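To keep things clear, I will list the structure first and then write my remarks on it.
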Amino acid sequence: MIGVSRSSWTWWSYSYTVLLLSWFGWICIYLTKSALPPLLPVLSSEMELSHAQAGMIESAYLVGYILVKVPVGYLVNRFGARRLLVIGMVGYGTASALFIFAYSYPVVLLLRFLIGLFQGIHLPVANALLSERFGARQGRAIGFHESGPNVGATIAYPLAVTIASVWSWRWAFLLLSVPAFLLSAATLALLREEPFSGQRQGDGEEGKDRRLRDYVWVLLPLTLAIGLYNVCLTALLTFTPSYLVEFRGLSLALAGLISMVLPAAGFVAKVSSGFVAERVGSRNAICGATALTGSSIVLLTLLEGDLPLALNFVLMGLVLYSFSPIVYSSVTSALPSRLKASGLSVVTIAGNLVGAISATIVGSLIDAWGYNQAFLVIAGLVFLVTVLVFATMRGKAPLAAHVL
């Protein structure tokens, strides 16, 4: 897929259509994915689930999400991005809609697994498409694209609760699946089925036989960075409300308000991350963001007062959410076209696995040492990984030659 030259720019181009469809794809995913947390207490009460059984529902999602990453690189090269994205949308939309018939715990587990399985298609396929379309400017495109989860999650919470209060929690899953079907129709109508062209520097004859393992030293520091992102994100989103209520003594309402600052600031961070990376380089942008993330976690244990605490959460959201889009664009810009989706799958699998176990580990640290000591351990890990990433990553990942 070759972008058009700058001289042929208009106020709108097909590349923007690809970006917008991909962005709405993330929003639709998070409408169905994020419906579960606010509805989980009602679901658990109705089905008389233990906390462990309730946790298994999200684990089932994660298993499906990780499993599909293994073959997705082959599938996109075999069937094409357009067809695979539509299959994913129809798949998770159908699984979410079928919650209307979910009257037993095994059915809930199966449907949540299927939602994860079909939603796992989107990230590597959509980011590979954006890399092909936007070339050297893919950082800002992927950054905007990665803001979709923040938008979808923000919308999902109040919608899910409102629908459940009017009808039932099952109707919430059904109605929040409708946008996925609408988007699948729009994708069929608007997205072209273009093969990954390989028309970028480094994809010539001498590079065409290279395999993913030949890029291991390129992918390793990026995998470390995305793993660190998942550790911080999982730990902070999971335990921040409890920390503010139990340790800081805030009311539940104020704790919820301060906690929401993180994803809200994250929207701004993701949209602007590509511009930052273009100016200072991927390595400096990633390591600067991780170092500031570690510093903001340390400040969390030191600051007194509600206002300084809230301002620190703004800083934390701005820096924490900023480096995941840079990691993804660095992966796609460093790989030949036919390996982009596979490379993204490998990196995200590692990140998801780390995220899956980090909540349990952090919870154990809090039980053993308390909140402040646990957060300081996380900050220490952040600084250590920052040094490792800076030492092993090239200063600026190569970018594709063509642009929008």
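The values are calculated or read from the model by the stated rules, or taken from the named source; none is laboratory data. Everything numeric in this text was worked out from a predicted model, so none of it was measured. Cβ coordinates were reconstructed from backbone atoms using ideal geometry, including for glycine residues, and neighbour counts include every protein chain displayed.
Details
- Against the test of being among the aliphatic types (A, V, I, L, M) and at pLDDT 85 or above, the options Ala160, Ala95 yield a single qualifying residue, Ala95.
- Residue within the stretch 20-29 that is surrounded by fewer than 17 Cβ atoms within 10 Å (Cβ to Cβ) and not assigned by TED's automatic domain parsing to the domain that holds Val271 present: yes
- Whichever residue in the stretch 349-367 is surrounded by fewer than 20 Cβ atoms within 10 Å (Cβ to Cβ) and either of a type in the set (Ser, Thr, Tyr) or in the same structural domain as Ala60 (by TED's automatic domain parsing) (or both) and, among such residues, is modelled with the lowest pLDDT: Thr360
- On the stretch given as the stretch 83-119, residues that are touching a residue at least 40 places away in the same chain (Cβ under 8 Å), more than 20 Å from Ala186 (Cα to Cα) and of a type outside the set (A, V, I, L, M, F, W, C) total 4.
- Some residue of the stretch 225-234 being assigned by TED's automatic domain parsing to the domain that holds Leu300, of a type outside the set (A, V, I, L, M, F, W, C) and either modelled with pLDDT under 85 or not in a helix (DSSP H, G or I) (or both): yes
- Scope the stretch 92-123; condition over 17 Å from Leu21 (Cβ atoms), among the small types (Gly, Ala, Ser) and either out of contact with any Lys or Arg (no Cβ under 7 Å at 6 or more places or on another chain) or not assigned by TED's automatic domain parsing to the domain that holds Ser44 (or both); matching residues: Ala95, Ser96, Ala97, Ser104, Gly116
- The stretch 34-72, subset within 20 Å of the chain's Cα centre (by Cα) and outside any helix (DSSP H, G or I), residue farthest from Thr162 (Cα to Cα): Val68
- In the stretch 290-314, the residues that are in contact (Cβ under 8 Å) with a residue 40 or more places away in the chain form Cβ pairs under 6 Å with partners that are among the small types (Gly, Ala, Ser), at six or more places apart or across chains, as follows: Gly294/Ala379; Ile297/Ala379; Val298/Ala379; Val314/Ala265.
- Filtering the stretch 337-347 to residues that are out of contact with any Pro (no Cβ under 7 Å at 6 or more places or on another chain) and crowded, with 21+ Cβ neighbours inside 10 Å leaves Ser337, Leu339, Lys340, Ser342, Gly343, Val346, Val347.
- Within the stretch 315-331, being over 18 Å from Gly139 (Cβ atoms) and touching a residue at least 60 places away in the same chain (Cβ under 8 Å) holds for one residue alone: Met316.
- All conditions in (1) free of Cβ contacts under 8 Å to residues at least 60 places away in the same chain; (2) surrounded by 19 or more Cβ atoms within 10 Å (Cβ to Cβ) hold for Phe79, with the sole exception of (2).
- Listed by first and then second residue, the pairs with beta-carbon distance under 6 Å, at least 6 apart or on different chains, first residue in the stretch 378-404 and closer than 29 Å to Arg133 by Cα, second surrounded by fewer than 16 Cβ atoms within 10 Å (Cβ to Cβ) and at pLDDT below 70, are Ala401/Gln201; His402/Ile2.
- Of the listed requirements (1) out of contact with any Phe, Trp or Tyr (no Cβ under 7 Å at 6 or more places or on another chain); (2) over 25 Å from Leu320 (Cβ atoms), Phe118 misses just one: (1).
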